[in-house]
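Novice: First, the structure itself, so that you have it in front of you.
The values are calculated or read from the model by the stated rules, or taken from the named source; none is laboratory data. Just so it is clear, the structure is predicted and the values come from calculations on it, not from any experiment. Quick reminder, even Gly has a Cβ in these numbers, built from the backbone with ideal geometry, and neighbours come from all protein chains shown. Each accessible area value is taken on the protein alone, full model and side chains, heavy atoms only, with ligands, DNA and RNA left out. Shrake-Rupley method; radii C 1.70, N 1.55, O 1.52, S 1.80 Å.
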Amino acid sequence: MKGFQYVPIEALSMINGKLLGDGNISSEKNRHPRFRFSHSANDKSWCFYCYEQLKNYLPMSQPRYRKILDNRVKDGFTEQYYVQSLKSEIVNQLKSLWYPNGRKTIPFAFLSNSFTPLCLAWWYQDDGHLKIQQNQVNKIILSTDGFTKAENEALIALISQKYKLNFSLDKQNRLVLYDKPQMVYFIRLVKPYIHESMKRKIAAPSISQESFRKRTTIYLPNTIPISQPTKNIHTILEQLPILYKKVANEQSYKKLFADMFPMLKINKTLIKAYQIELTEKHIEQINACRQLTGLTMSQIVHLCMMTKNKRP
């Protein structure tokens with residue numbers, strides 16, 4: 001877009017991630033607009049980090065401490081660090097895009113070009129939450145209640161288009177992700193851009209290990225020809241080392257997620273159960289793949305089958 005041609009995509013990713021999250025642009029009468037953000041004193045490190053990353057692209061004052069009286073909290077006040085930009089043509093242009101009618105409105109055409117994993121990670125660190133119950137990942141939440149329902153539905157469509165992640169809206173008008181393999185994928189997607197002080201938002205507990213059992217049940221689509229369950233599935237599981245290499249590599253994992261993961265959700269009426277015997281080595285390799293993907297044992301076997309069929 002004109003005016004942003006000299007601003008690198010990395011900078012736009014961070015700025016737009018911030019505006020999706022805790023950032024805003026002031027619009028005080030007779031004053032130049034200012035790009036601003038603030039964080040609680042507990043997130044001081046994140047606030048200073050954001051300032052350091054953005055100061056080369058936007059003229060900004062250093063983070064400042066402030067105490068805000070608030071009778072709603074136990075101590076009667078909250079503590080924050082806040083950052084504000086100086087006069088800038090870039091901020092003027094951002095305001096015209098994000099505040100076309102004086103209210104923050106998501107400029108999807110502009111956002112789409114910089115909606116990178118970095119943008120997603122900054123937004124998540126500002127407004128995201130990883131909910132864990134009974135030592136299991138329960139859901140990922142993006143607090144979007146400040147946007148309209150229509151905007152949030154458009155955000156869901158954008159995330160689906162870019163990353164094949166299927167968020168939904170909860171009753172509080174927030175974006176929520178429930179599917180475990182998708183949550184694992186989301187965390188791996190944003191992890192390279194997560195600041196040390198925000199590691200709590202990706203600190204998912206390890207997926208429970210399947211204990212070694214001589215006999216177990218595997219559920220596969222009834223379209224897969226299985227005549228001798230243990231023998232046929234052992235042949236399929238020869239792909240486990242290849243599959244592990246694919247899911248351990250970030251680039252091949254992303255492609256695998258986009259191409260194959262959607263096909264792993266099978267209607268229960270279209271699956272068949274097979275009682276088989278697995279070796280200890282099989283269980284070890286399956287668990288290694290499960291840790292990296294969040295998939296079930298049966299889905300790992302199914303994915304091995306798809307990987308085998310796709311090989312030249």
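Novice: Filter the stretch 129-185 for residues that are within 21 Å of residue 200 (Cα to Cα) and acidic (Asp, Glu) and give the result.
Specialist: The one that is within 21 Å of residue 200 (Cα to Cα) and acidic (Asp, Glu): 179.
Novice: Specify the residue that is surrounded by the most Cβ atoms within 10 Å (Cβ to Cβ); the eligible residues are those in the stretch 64-85 that are aromatic (Phe, Trp, Tyr) and within 25 Å of residue 33 (Cβ to Cβ).
Specialist: That would be 81.
Novice: Additional query: Restricting the search to the stretch 189-203, which residues are in contact with a helix residue (DSSP H, G or I) (Cβ under 7 Å, 6 or more places away or on another chain), open to solvent by less than 70 Å² (accessible area, probe 1.4 Å) and not polar (S, T, N, Q)?
Specialist: Result: 189, 190, 194, 195, 198, 201, 202.
Novice: If you don't mind, another one. Kindly indicate whether residue 150 is open to solvent by 30 Å² or more (accessible area, probe 1.4 Å), of a type outside the set (S, T, N, Q) and farther than 27 Å from residue 293 by Cβ.
Specialist: On the way: open to solvent by 30 Å² or more (accessible area, probe 1.4 Å): yes; of a type outside the set (S, T, N, Q): yes; farther than 27 Å from residue 293 by Cβ: yes.
Judged against the criteria, residue 150 is a match.
Novice: Among the residues of the stretch 65-76, is any under 23 Å from residue 144 (Cα atoms), touching a residue at least 40 places away in the same chain (Cβ under 8 Å) and not aliphatic (A, V, I, L, M)?
Specialist: no
Novice: How many of the residues in the stretch 97-147 are out of contact with any strand residue (DSSP E or B) (no Cβ under 8 Å at 6 or more places or on another chain), of a type in the set (Gly, Ala, Ser), in contact (Cβ under 8 Å) with a residue 24 or more places away in the chain and surrounded by fewer than 18 Cβ atoms within 10 Å (Cβ to Cβ)?
Specialist: 3
Novice: Taking only pairs six or more apart or across chains, which ones have beta-carbon atoms under 9 Å, a first residue in the stretch 279-294 that is buried (at least 17 other Cβ atoms within 10 Å of the Cβ), and a second residue that is in a helix (DSSP H, G or I) and polar (S, T, N, Q)?
Specialist: What qualifies is 290/299; 293/299; 294/182.
Novice: (1) at positive phi; (2) open to solvent by 60 Å² or more (accessible area, probe 1.4 Å): which one isn't true of residue 215, the others all being true?
Specialist: Every condition holds for residue 215 apart from (1).
Novice: Hey, among the residues in the stretch 221-274 that are aromatic (Phe, Trp, Tyr) and under 18 Å from residue 287 (Cβ atoms), which one's least open to solvent (accessible area, probe 1.4 Å)?
Specialist: Only one residue tops the list, namely 253.
Novice: Next question, about the same structure. Return the residues of the stretch 5-27 that are more than 23 Å from the chain's Cα centre (by Cα), within 18 Å of residue 63 (Cα to Cα) and either assigned to a loop (DSSP other than H, G, I, E, B) or free of Cβ contacts under 8 Å to residues at least 40 places away in the same chain (or both); say none if nothing qualifies.
Specialist: Listed by number, the list holds a single entry, 26.
Novice: What is the residue count in the stretch 241-272 for residues that are at pLDDT 95 or above and in contact with a Phe, Trp or Tyr (Cβ under 6 Å, 6 or more places away or on another chain)?
Specialist: Selection size over the stretch 241-272: 1.
Matching residues to (1) under 30 Å from residue 158 (Cα atoms); (2) open to solvent by 30 Å² or more (accessible area, probe 1.4 Å); (3) assigned to a strand (DSSP E or B); (4) touching a helix residue (DSSP H, G or I) at 6+ places or on another chain (Cβ under 6 Å):
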{"site": "29", "(1), (2), (3), (4)": "no, yes, no, no"}
{"site": "47", "(1), (2), (3), (4)": "yes, no, no, no"}
{"site": "56", "(1), (2), (3), (4)": "yes, yes, no, no"}
{"site": "62", "(1), (2), (3), (4)": "no, yes, no, no"}
{"site": "87", "(1), (2), (3), (4)": "no, yes, no, no"}
{"site": "95", "(1), (2), (3), (4)": "yes, yes, no, no"}
